[in-house]
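Engineer: I have a structure I would like to understand better, so I am pasting it below and will then ask my questions one at a time.
Just so it is clear, none of the values below were taken in a lab; they were calculated from the coordinates. Keep in mind that what you see is a predicted model, and the values were worked out from it rather than measured. Glycine also receives a Cβ, built like all others from the backbone with ideal geometry; neighbour counts cover every protein chain displayed.
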């Protein structure tokens, strides 16, 4: 749900983005993906915008030398693939389901039409773009100035939705240490070391799944 302005009476009213995207109409389709299944691949034609109804999606890039890096992990309520609306003709990255996902695929022409004709949708999408820009800036600062330990703590907190609207989901989706190493930009052995350290300090716990405690914030806030 998103709060937008009702121009007819000046009061705030709720805009149900999911209901809006679920309406039957040309250019929209809800697609189910299994874990590890690609939504699109780097180099594919960029012709659609995507919205995550449930699950998580990783965004990764492969260099010309074949080195792969995960540059983003997105969750429920987030858009991706928006580059097609800015003139991108080929996908610059690969989007892959990290778990069973439900994704709304919106053809480029339908997305552009909705942005022009639906003010509330335009406002929500603009909020998404601004939040994404802030996130990218924070990620860059994180990589430039913070240690691997702090970067891992921040990734775990983001996966648990700390700092976002609503109540944090402390139990995060299953994610391998190899994937965490790619996101953080370090080795798997370092990730294993820090995860054990966090567990011993009571910042996280895991028994088949990882549970993130608010005390992990101390790692990020401590200089």
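Engineer: So what does the Cα-only Debye profile of region 72-133 read at q = 0.13, 0.23, 0.28 Å⁻¹, as log10 I(q)/I(0), no solvent term?
Structural biologist: These q points yield log10 I(q)/I(0) values of -0.38, -1.22, -1.50.
Engineer: Follow-up question, since we're still on this one. Ranked highest first by the average count of other Cβ atoms within 10 Å around their residues, in what order do 52-60, 133-141, 83-91 fall?
Structural biologist: The densest-packed peptide leads the list: 52-60, 83-91, 133-141.
Engineer: Also, quick follow-up: Taking the simple approach of a point 7 Å from Cα along Cα-to-Cβ for both residue 200 and residue 171, what is their distance in nm?
Structural biologist: 2.7
Engineer: Let me ask you something else. Gain in length, residue 22 to residue 209, computed as 0.36 nm per residue apart minus the alpha-carbon separation, to one decimal in nm?
Structural biologist: Details: separation 187, 0.36 × 187 = 67.32 nm, distance 3.15 nm.
Here the segment from residue 22 to residue 209 would lengthen by 64.2 nm.
Engineer: Expressed in nm to one decimal, what extension gain is obtained for the pair residue 146 and residue 221 from 0.36 nm per residue of sequence separation less their Cα-Cα distance?
Structural biologist: Length gained between residue 146 and residue 221: 25.9 nm.
Engineer: Choose one answer from 65, 105, 151: the residue with the largest mean-square fluctuation in a GNM of the chain with alpha-carbon springs under 10 Å.
Structural biologist: The residue with the greatest mean-square fluctuation here is 65.
Engineer: Additional query: Against the empirical 2.2 N^0.38 Å scaling, what ratio does the C-alpha Rg of the chain come to?
Structural biologist: The chain yields a ratio of 1.09.
Engineer: Sequence gap at least 6, Cα distance under 8 Å: using those rules, report the relative contact order of region 2-141 to the nearest whole percent.
Structural biologist: With pairs under 8 Å counted, the relative contact order is 30 percent.
Engineer: Separate question: Take region 82-169, compute every pairwise Cα distance, and split them into 10 Å bins from 0; I just need the percent in each bin.
Structural biologist: 12, 32, 38, 15, 1
Engineer: Here's a follow-up. Along the Cα→Cβ direction, 7 angstrom out, place labels at residue 82 and residue 32. What is the inter-label distance in nm?
Structural biologist: 2.9
Engineer: Taking R0 as 35 Å, what's the FRET efficiency between residue 53 and residue 138 from their Cβ-Cβ distance, rounded to 0.05?
Structural biologist: 0.85
Engineer: Over region 148-221, with a single point scatterer placed on each C-alpha, what log10 of the ratio I(q)/I(0) does the Debye formula yield at q = 0.25 1/Å?
Structural biologist: Computed log10 I(q)/I(0) values: -1.27.
Engineer: Return the single residue from 157, 17, 49 with maximal mean-square fluctuation; model: Gaussian network over the chain, springs between Cα atoms under 10 Å.
Structural biologist: 17
Engineer: Next question. Once every DSSP H run of n ≥ 4 in the chain is given -39500 (n - 2.57) and the sum is divided by its residues, what mean residue ellipticity at 222 nm do you get, rounded to the nearest 500 deg cm²/dmol? Each step should come with its number before you reach the end.
Structural biologist: Working: 7 runs with 81 residues, N = 223.
Estimated from H runs of four or more residues: -11000 deg cm²/dmol.
Engineer: Fully extended, how many nm does the chain gain between residue 112 and residue 62 (0.36 nm per residue separation, minus their Cα-Cα distance)? Can you show the working numbers first?
Structural biologist: Values: separation 50, 0.36 × 50 = 18.00 nm, distance 2.89 nm.
That works out to 15.1 nm of additional length.
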